[in-house]
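A.B. asks: For reference, the structure I am asking about is given below.
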Amino acid sequence: QVQLVESGGGLVQPGGSLRLSCAASGSISGIRYMGWFRQAPGKQRELVASIPRRGNGNYADSMKGRSTISRNNAENTVYLLIDRLKPEDTAVYYCVAESDGVLSWGQGTQVTVSS
């Protein structure tokens, strides 16, 4: 079983930047993909970005050009940097890890974009 702990959420002004971090522990050897989902109030959870163990990240259209997902396999950590934040980016952001076809989820971290 994989445990995921997110950090880095908070209140940010529109146009600002934020970096989320997620540390994995437990049965980490089989993790292939890691990524981030988000869920805004009243909306479905949606994929923000994902990254394989080796290779480049993939992004939702709304995040392309203003976000970067990166991964440190030695430290079992995945990061999400979001620039030019908008109020519509306000959501709970969840870290996810895929291992042998099973998804593990973090508890989520709140990101609020407001002036």
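A.B. asks: Restricting to the stretch 92-115, and then to whatever is surrounded by 12 or more Cβ atoms within 10 Å (Cβ to Cβ) and either β-branched (Val, Ile, Thr) or over 14 Å from the mean Cα position of the chain (by Cα) (or both), can you tell me which residue is farthest from Cys22 (Cα to Cα)?
C.D. replies: Among residues in the stretch 92-115 that are surrounded by 12 or more Cβ atoms within 10 Å (Cβ to Cβ) and either β-branched (Val, Ile, Thr) or over 14 Å from the mean Cα position of the chain (by Cα) (or both), the one farthest from Cys22 (Cα to Cα) is Val113.
A.B. asks: To continue, here is another question. Scan the stretch 57-73 and give yes if some residue there is in contact (Cβ under 8 Å) with a residue 24 or more places away in the chain, over 14 Å from the mean Cα position of the chain (by Cα) and surrounded by 15 or more Cβ atoms within 10 Å (Cβ to Cβ), otherwise no.
C.D. replies: No: the stretch 57-73 contains no residue that is in contact (Cβ under 8 Å) with a residue 24 or more places away in the chain, over 14 Å from the mean Cα position of the chain (by Cα) and surrounded by 15 or more Cβ atoms within 10 Å (Cβ to Cβ).
A.B. asks: Looking for whichever is more than 24 Å from Val102 (Cα to Cα) and among the hydrophobic types (A, V, I, L, M, F, W, C) here; the options are Leu80, Leu18, Leu4, Leu47. Which one fits?
C.D. replies: So the residue among Leu80, Leu18, Leu4, Leu47 that is more than 24 Å from Val102 (Cα to Cα) and among the hydrophobic types (A, V, I, L, M, F, W, C) is Leu18.
A.B. asks: If I ask for residues that are open to solvent by less than 60 Å² (accessible area, probe 1.4 Å), over 13 Å from Asp89 (Cβ atoms) and not β-branched (Val, Ile, Thr), which ones from the stretch 38-56 would you list?
C.D. replies: Ser50, Pro52, Gly55
A.B. asks: Among the residues of the stretch 86-115, count how many are in a loop (DSSP other than H, G, I, E, B) and out of contact with any Leu (no Cβ under 6 Å at 6 or more places or on another chain).
C.D. replies: Residues meeting the conditions: 8.
A.B. asks: Considering only residues that are open to solvent by less than 40 Å² (accessible area, probe 1.4 Å) and part of a strand (DSSP E or B), which ones fall in the stretch 1-17?
C.D. replies: Matches in the stretch 1-17: Val2, Leu4, Glu6, Gly10, Val12.
A.B. asks: While we're looking at this one, here's another question. Working only within the stretch 18-56, note down all residues that are farther than 16 Å from Asn76 by Cα and either assigned to a loop (DSSP other than H, G, I, E, B) or at pLDDT below 95 (or both).
C.D. replies: Answer for the stretch 18-56, where residues must be farther than 16 Å from Asn76 by Cα and either assigned to a loop (DSSP other than H, G, I, E, B) or at pLDDT below 95 (or both): Ala40, Pro41, Gly42, Lys43, Gln44, Arg45, Asn56.
A.B. asks: Does the stretch 18-37 hold any residues that are touching a residue at least 12 places away in the same chain (Cβ under 8 Å) and open to solvent by 20 Å² or more (accessible area, probe 1.4 Å), and which are they?
C.D. replies: Selection gives Leu18, Arg19, Ser21, Ala23, Ser25, Gly26, Ser27, Ile28, Gly30, Arg32, Tyr33, Phe37.
A.B. asks: Got at least one residue in the stretch 74-91 being at pLDDT below 95, under 14 Å from the mean Cα position of the chain (by Cα) and within 17 Å of Tyr33 (Cα to Cα)?
C.D. replies: Scanning the stretch 74-91, I find at least one residue that is at pLDDT below 95, under 14 Å from the mean Cα position of the chain (by Cα) and within 17 Å of Tyr33 (Cα to Cα), so the answer is yes.
A.B. asks: Does Leu80 qualify as being touching a strand residue (DSSP E or B) at 6+ places or on another chain (Cβ under 8 Å) and open to solvent by less than 20 Å² (accessible area, probe 1.4 Å)?
C.D. replies: Considered against the rule, which asks whether it is touching a strand residue (DSSP E or B) at 6+ places or on another chain (Cβ under 8 Å) and open to solvent by less than 20 Å² (accessible area, probe 1.4 Å), Leu80 comes out as yes.
A.B. asks: Another question, then. Regarding Val78, is this residue touching a helix residue (DSSP H, G or I) at 6+ places or on another chain (Cβ under 8 Å), in contact (Cβ under 8 Å) with a residue 40 or more places away in the chain and either closer than 16 Å to Gly9 by Cβ or not β-branched (Val, Ile, Thr) (or both)?
C.D. replies: no
The values are calculated or read from the model by the stated rules, or taken from the named source; none is laboratory data. Everything quoted here is computed from the prediction, not taken from an experiment. Note: ideal-geometry Cβ built from the backbone for every residue, glycine included; neighbour counts use all protein chains shown. Just the protein is used for accessible areas: all its heavy atoms, side chains included, with ligands, DNA and RNA removed. Shrake-Rupley method; radii C 1.70, N 1.55, O 1.52, S 1.80 Å.
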